Amino acid sequence: MAAPDSTEPAAHSSVRALRIAMIGTRGVPAGFGGFETAVEEVGRRLVDRGHAVTVYCRSRTSAPDHVPPATAYLGMRLVHLPALRLGALEALSHSAFSVLHAATGARPDAAFVFNSANAPFVPFLRNRGIPTTVHVDGLEWKRDKWGGTARRYYRWAEQQSVRSADALIADAPGIVDYYRTEFAIPTELIAYGTHVLQNCPATRLAELGLRPGGYHLVVARFEPENHVDVIIDGYLRSSAVLPLVVVGAAPQGTHARKIAALAQDPRVRLLGRLWDQDQLDQLYAHSVSYLHGHSVGGTNPSLLRAMGARTAAIAWDVRFNRDVLGVYGAYFRDAPTLAALIEDAELNPHHTLEVSAALQRRAAALYNWGHVTDGYEDLAQRLVSGYSTHGLSPGRASRSHWNRPDGARPPSTAARGTL
């Protein structure tokens with residue numbers, strides 16, 4: 001497990017030590033997804049600052065019966081609860097059990113609920129006087145992988161987040177603008193962080209038949225909105241000499257078959273899922289370029305990881321990716337454009353290295369887990385002091401910061417750390 005980066009700000013003394021619950025993810029240790037990584041990285045730092053953090057974890061059915069689940073991790077208290085094996089309802093059922101536990105047990109001072117899909121459970125926390133924030137993630141209802149029923153549910157849950165939560169967290173300026181325009185509600189901009197890798201070893205690459213600086217990299221779930229098929233197509237259209245390494249799952253279906261058909265070319269190497277995080281770090285750090293096709297969602301952890309690993313990024317041309325990479329990114333919307341960019345990355349290695357270094361500096365300045373933790377801590381302190389986008393938190397007599405007579409909002413460390 002990586003230690004906090006040396007570039008992080010020193011932890012500061014809090015006004016008040018808080019009991020904080022984190023609900024709605026698979027839990028920690030983080031082994032799946034950006035939310036879990038955020039819970040681990042922020043939670044461990046909140047503990048270091050003197051807060052008591054409880055993380056609700058989904059029980060792992062694969063663990064041997066005689067091995068009890070861990071009750072603590074990196075100072076965080078872990079509560080393992082089951083989930084109903086009902087397909088798409090599995091995650092929701094676990095969140096329901098977690099909210100019930102938090103609302104009926106020792107009351108936390110504040111709760112962070114991840115994923116707007118869990119918004120229907122927020123009133124149970126607020127009715128117990130627990131001020132609650134929903135981290136809304138991206139615009140889930142726009143994802144191609146969801147059918148009509150799921151899309152309608154996500155759209156409805158998005159509206160419930162606005163109606164029920166005391167505050168909302170978005171990880172990208174585009175999501176903040178969306179909630180401001182669509183619902184006329186303020187949203188906390190707190191991006192993800194990443195680790196800045198310096199002098200990353202390359203000892204694990206040989207196991208995969210790779211050498212440093214000898215490949216291009218894709219890390220993504222094989223879902224239509226991640227455009228892995230377009231990336232492989234663009235690569236095959238190019239005159240690239242170096243192979244394309246693809247890390248990601250290959251679920252069944254038409255889209256997976258399309259990717260498999262494209263990957264028949266010997267220059268394309270499908271590695272499948274890769275759970276070894278040290279080996280994955282080395283893959284990021286020693287690739288010539290990282291090709292990023294994600295088009296829906298906010299700030300993507302895979303893109304930040306590439307930046308922190310000092311790797312040039314070529315990304316799908318949407319606002320979310322431009323907000324992250326800025327002027328140092330290269331952008332595409334079709335296979336021919338990508339083909340030219342891949343060729344340029346190989347033919348102009350000095351420029352590629354300069355871009356890589358600039359992106360790492362940008363990651364260190366803007367996507368620092370210490371600053372991200374500042375944002376969560378600042379918001380939690382305001383919540384327990386009575387802040388709510390709805391005026392008053394449940395059972396609180398003080399006025400919301402947003403309802404001060406002068407209309408001013410107190411300065412937020414989240415704004416300093418993530419913009």
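Listing for the model above:
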item	result
Per-residue Cβ neighbour rank within 10 angstrom, fewest leading, Asp334, Asp229	Asp334, Asp229
Nonlocal amide H pairs with Cys57, under 5 Å, H built at 1.01 Å	Val79, His80, Leu81
Note, ³J(HN,Hα) from phi for the range 164-174, Karplus 6.51, -1.76, 1.60, rounded to Hz, x at Gly and Pro	9, 7, 6, 7, 10, 10, 10, 9, 8, x, x
Under 15 Å from the Ala365 label point (7 Å along Cα→beta-carbon), backbone N, the range 198-231	none
Estimated vicinal HN-Hα couplings, Hz - the range 97-112 in sequence order (Karplus 6.51, -1.76, 1.60; Gly, Pro = x)	4, 5, 5, 4, 5, 5, 7, 10, x, 5, 5, x, 6, 7, 10, 10
Efficiency of FRET from Cβ geometry, Thr71 and Lys258, R₀ 45 Å, rounded to 0.05	0.50
Euclidean distance between Cα centres, the range 328-353 to the range 276-327, Å	14
Cβ-derived FRET efficiency at R0 41 Å, Glu354 paired with Arg152, nearest 0.05	0.30
Stretch gain in nm, segment Arg180-Gln198, where the contour uses 0.36 nm per residue and the Cα spacing is subtracted	2.6 nm
Peptides 343-349, 85-91 ordered by average Cβ neighbours within 10 Å, highest first	343-349, 85-91
Calculated from backbone phi, Karplus (6.51, -1.76, 1.60) coupling profile of the range 321-333 in Hz, x at Gly/Pro	6, 5, 4, 6, 8, x, 6, 8, x, 10, 10, 9, 9
Cβ-defined net charge surrounding Met76, 9 Å radius [Lys, Arg +1; Asp, Glu -1]	+1
Peptides ranked, highest mean first, by Cβ atoms within 10 Å: ranges 361-372, 68-79	361-372, 68-79
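None of the figures in this text is laboratory data; all of them are computed from the coordinates on show. The model shown is predicted, which means the values in this text are computed figures rather than measured ones. Every residue, glycine among them, receives a Cβ derived from its backbone with ideal geometry; neighbour counts consider all protein chains shown.
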